[in-house]
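So the structure is just underneath, and the comments pick up after that.
Bear in mind these aren't lab numbers, they're just calculated from the coordinates by the rules spelled out. Everything numeric in this text was worked out from a predicted model, so none of it was measured. We place every Cβ from the backbone using ideal geometry, glycine too, and count neighbours over all the protein chains shown.
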């Protein structure tokens, strides 16, 4: 900007003076910010040297960086060179040669999708009955396995009161995720016994797999009125009195029930493995 | 000294033309252009803080008794991973701060990418010739979400174990090959020994390197094809107007880098996140209540919760519902996001190059569509904690599920209608004003006037404005572009 004549001189001087004042103010602000940062650095080092404190470390650590951050932005705002707006020509538009992007055609999509599906089917055939699939079909429960608590103690018929509930395991596989079960003692006669399961719930005891049939989370919450097991992950609920039927929420399948009987020694034992795979579903899950 | 060094490098690298080009680069001024930079800087912070964490974290599934300084947990059987995270939190000086700051930075990272993507979407900045920027950007978003989940899972506490269990079930739900896929990816039937060890390498090496590489490509493309900008008096298809790389932009953006890092440190120091000592070590027979992952996964969590209670079969085989609600729907969303530039191109038939960002109101169809999708995702996100909301509101969780099933349809329809109506109303206002005054009082944002080097137009393309020798006082007269 060129100022013409001496009428402009005074103007120009005023502009310069304002400019000068602005810079001085900015400089003070920058110095204050950096000073604060330095103080914060001392504070941070002191805190670290004297045993540490997460809150103070964060506060001082952040302030150490905040000072220079503030200084940089303040400097660019007052500096005419740094704050001016510039212009750049764009590169000329690309010429036609490579302009046509490879957009997938309908035929390409069909062929690709078909190939993917074929690969999937082939994978399905090859993995049929694989070890991974077998592992999902069974747990560690066998006929006659004693039920034990998480501490490993066996459970006799007198151990639980009516309304009681606890997590149980096969005695030889405590902690095995796929074998965990919930054991509940109900008042006798309240359970609506499913056909074929007449002798699975002696003395009001009933046991269900603890793995939610939705996503396999442990069904850990017991609500007494109405009697449901609730999964804390996605709030699927299962009716304890009605064979573990899925009541509400996203699960669409009942909790598998573990057959129980009372051994000659008075301890609760499993009558066999769960009648179907536990936990979330999969492609070749046997359907009941 | 500096000059000598520059000469030394120049003699060997012949870098001067590139550097000159670089320091003359122009960055448009608009607050929404900062979002991508915030994402970049939180990534840098994640790398820096991650290197510190590397020195203290051990990936180890094997269990032993905890013996650190957190008294209540003494003697509990915990994995080596959990043990090292406890030590990091209680016995390494500054360890808890860095761990929490790292976690907060990851949340800022994902949030910044999401907002950046929304900005690019609603302003049409993905249109030709920037398709590749969009594709790399969406890929970066997906990688960021994946690595966030890996990081969340490495601590091996009760919450992260539950998250892994859900990820495993997703793999298991895939038709035909599910059980074997799950076993392959998760090193056996869940919970398997060796999973943490494998995920560790994904989290600290493979995914970060992929992010760094894509990020490099993303930035390279921005440099090659220049920034978009909103149109204005001096801003048109043929130019870019804004701060020059040197000195203005470098100083501002370094300030921003430090602001981002400072924010992560403040949050890490003052706001507790992922307190693993409260959750306890992973136990396959227990779950935390409440159980929510990081914010960016809530939409999947919500989808799992409100999906209807149905059983699906194909030829008498089972298709578990999580395959649809948790796997297919999010993947379809990302596929649609990736393909959007081509979808829009197909609809509008517009294959021209565009360098000016659009105002959302000027493209009501796209804007409405975007708002409908975002509204849907937002409702799903909120549904991800509907048990907690029900508890606070004293409403049964089953009722909450039904309420959200309704909201999932109602809110997007309503939001879409409001958006459509707003776009039309804003455009009418513009037209009335334009007809009356010949110009808009609230023009599209951007600087109003441009600095030009006097009598030196030839210099423009070479980015010659950055010459350091120029004394600053000589420029006082050209304070012209201040719009803030």
Contact order relative to length of chain A, as percent, for alpha carbon pairs under 8 angstrom and 6 or more apart: 14 percent
Shape of the stretch A:6-94, Cα gyration tensor, a/c cut at 1.5: oblate
Cα pair count fraction exceeding 14 Å, expressed as % - the stretch B:60-143: 73 percent
Helix A:7-49 vs. chain A, principal-axis angle (Cα, 0 to 90°, nearest 10): 40 degrees
Shielding of B:26-33 by partner chains, average beta-carbon count, 10 Å: 1
Degrees separating the helix A:106-126 axis from the principal Cα axis of chain A, which is the longest one: 40 degrees
Helical mean residue ellipticity (222 nm; -39500 (n - 2.57) per DSSP H run of 4+; nearest 500) of chain A: -12000 deg cm²/dmol
All Cα pairs of the protein assembly as shown, percent lying beyond 39 Å: 49 percent
Cα centroid separation, the stretch B:52-94 to the stretch B:362-435 (Å): 44 Å
Inter-centroid distance (Cα atoms) of the stretch B:286-308 relative to the stretch A:257-274, Å: 36 Å
Ratio of the Cα radius of gyration of the stretch A:28-70 to 2.2 N^0.38 Å, where N counts its residues: 1.14
Cα-based shape type of chain B, given that a ≥ b ≥ c are square roots of the gyration tensor eigenvalues and the cut on a/c is 1.5: oblate
Neighbouring partner chain Cβ atoms per residue of B:166-176, average, 10 Å criterion: 6
Order by protection proxy (mean Cβ within 10 Å, highest first), peptides B:151-161, B:269-279, B:393-403: B:151-161, B:269-279, B:393-403
Packing rank of A:206-214, B:137-145, B:103-111, A:189-197, where each peptide gets the mean count of other beta carbons within 10 Å, highest leading: A:206-214, B:103-111, B:137-145, A:189-197
For residues of A:233-240, the mean tally of beta carbons on other chains within 10 Å: 6
For the stretch B:290-331, the fraction of alpha-carbon pairs in successive 10 Å shells from zero, as %: 27, 48, 20, 5
Label-to-label distance, nm, for residues given as residue A:24 and residue B:417 (7 Å Cα→Cβ offset): 6.3 nm
Whole-angstrom gap from the stretch A:132-152 to the stretch B:321-335, using each part's C-alpha centre: 33 Å
Kirkwood Rh in Å, taken over all unlike Cα pairs in the stretch A:115-206: 16.0 Å
C-alpha long axis of helix B:207-225 to longest principal axis of chain B, angle in °: 20 degrees
Modelled FRET efficiency - R0 60 Å, residue B:348 with residue B:278, Cβ distances, 0.05 increments: 0.70
Inter-site label distance for residue B:22 and residue A:142 at 7 Å from Cα along Cβ, in nm: 6.9 nm
Contact order relative to length of chain B, as percent, for alpha carbon pairs under 8 angstrom and 6 or more apart: 22 percent
Label-to-label distance, nm, for residues given as residue B:334 and residue B:77 (7 Å Cα→Cβ offset): 3.6 nm
Whole-number percent relative contact order across the stretch A:150-213, with pairs defined as alpha carbons under 8 Å at least 6 apart: 32 percent
Of A:274, A:261, A:60, the one that fluctuates the most in a GNM where chain A has Cα springs shorter than 10 Å: A:60
Neighbour-count order for A:72, B:53, A:165, fewest beta carbons within 10 angstrom listed first: A:165, B:53, A:72
Computed FRET value (nearest 0.05) for residue A:223 with residue B:70, which takes r as the C-beta separation and R₀ as 35 Å: 0.60
Gyration tensor verdict on the stretch B:26-108 (Cα atoms; rounded if a/c is under 1.5, prolate if a/b is larger than b/c, oblate otherwise): prolate
Mean projection area, nm², convex hull over Cα of the stretch A:156-200: 4.2 nm²
Segments B:56-65, A:249-258 sorted - mean Cβ within 10 Å per residue, highest first: A:249-258, B:56-65
Calculated FRET efficiency for the pair residue B:431/residue B:402, C-beta based, R₀ 30 Å, to 0.05: 0.10
Choice from A:223, A:180, A:55 showing the highest fluctuation, given a GNM over chain A with Cα pairs closer than 10 Å: A:55
